[in-house]
Amino acid sequence: MQLQNMDAPIISVITVCYNVASTIEKTMLSVLNQTYKNLEYIIIDGNSTDGTVDIIKKYAERLTFWISEPDKGIYDAMNKGIVKATGEFLIFMNAGDQFLNEKVLSKCLPYFLQEIDVISGIGYLSGQKWIPAKATDLSVAFFLKRSLNHQATFINRKLFQDNLYRTDLKIVGDSVFFFQALIMDNASYVDIPIEIALCEKPGLSGQEKKAFAELEASIKGMLPDRMVSDVDFLINYYNPAVRMIGGWLYKMHFLKKILRFIRTNRKTR
């Protein structure tokens, strides 16, 4: 793919796929039709046998790199794409997913020019709007309950220099990567008010019980032993709704007066 607008950073879009002849073309066109021309498009196919490869070949001249060969799972395939990528930021748009429109990357240019590690925008998953987390929301508790929308998040390639996706994980490798980068390594982050992607209904990641078990074990394994019990506490007792209500109540003047009265009485006893 010929690169243009050299003052803008290269954005690497990576698609991993396997036997998705019915959906791969719409994904590819949503990338290839972007008005932002300084991008490279990489497709990693898992040795499809249903005609997917024929569709990829149809656009081969417009691709930076593509390959069709067996892999060891989705995260192994994604790592293959990362190794081939040269862009400053990477984003994964897997088969069935697509950019919301052809101007998405162009709208994001001001953020690409900043020194940011992770840029997360708005995604739509099964018709539901997925608003990106605020930087102040990112915590151990957050990642036990939610994650970032992978298809709506740009990742600085430097974050992959020391950590690729864990291939021993089957469902939550992306969430674990974000946890490592944003919590353990304190990578910089910004949420942006730009609609990025339409996402296909969840596949493996939609297996909630298995996904959570894999996530819980992974997070506990990354934290110091002294913090493992904190994870159990958060799982059992953390409730954002309760925290919000508590915050509202605390702001009420009459409640503050009651608390002040109680504290004063304790001091005078």
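The values are calculated or read from the model by the stated rules, or taken from the named source; none is laboratory data. Bear in mind that the values here come from a model prediction, so they are computed numbers and not experimental data. Don't worry about glycine lacking a Cβ; one is built from the backbone with ideal geometry, like all the others, and counts go over all protein chains shown. Remember, those area values only see protein heavy atoms, side chains included, never the ligands or the DNA or RNA. Shrake-Rupley method; radii C 1.70, N 1.55, O 1.52, S 1.80 Å.
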In nm, to one decimal, how far is the Glu115 label point from the Ser22 one, both placed 7 Å along Cα→Cβ? 4.9 nm
For peptides 65-77, 38-50, sequence by mean Cβ density within 10 Å, most packed first: 38-50, 65-77
Along the three principal axes, how long is the stretch 38-115 when you take its alpha carbons, biggest first, rounded to the nearest angstrom? 41, 23, 21
Give me, ordered by chain and number, the residues 5 or more places off Leu39 or on other chains with an amide H under 5 Å from its own placed amide H. Gln4, Ile11
Going by a ≥ b ≥ c, the root eigenvalues of the Cα gyration tensor, does the stretch 1-61 fall in the rounded group (a/c under 1.5), the prolate group (a/b larger than b/c) or the oblate group? prolate
Sorted by chain and then number, the residues having a modelled amide H within less than 5 Å of the amide H of Glu195, at least 5 places away or on another chain, are Ile122
Give me the extension gain from Glu216 to Ala135: residue separation times 0.36 nm, minus the current Cα-Cα distance, reported in nm with one decimal. 27.0 nm
Just the number please: accessible area per residue for the stretch 119-189, 1.4 Å probe, all protein chains included, in Å². 44 Å²
Accessible-area composition of the stretch 1-148, carbon plus sulfur, in percent [1.4 Å probe]: 51 percent
The summed charge of the Ile131 Cβ neighbourhood (under 15 Å; Lys/Arg +1, Asp/Glu -1) stands at +1
Backbone N within the stretch 140-157 under 17 Å of label point (7 Å from Ile235 Cα along the Cβ vector): 140-147
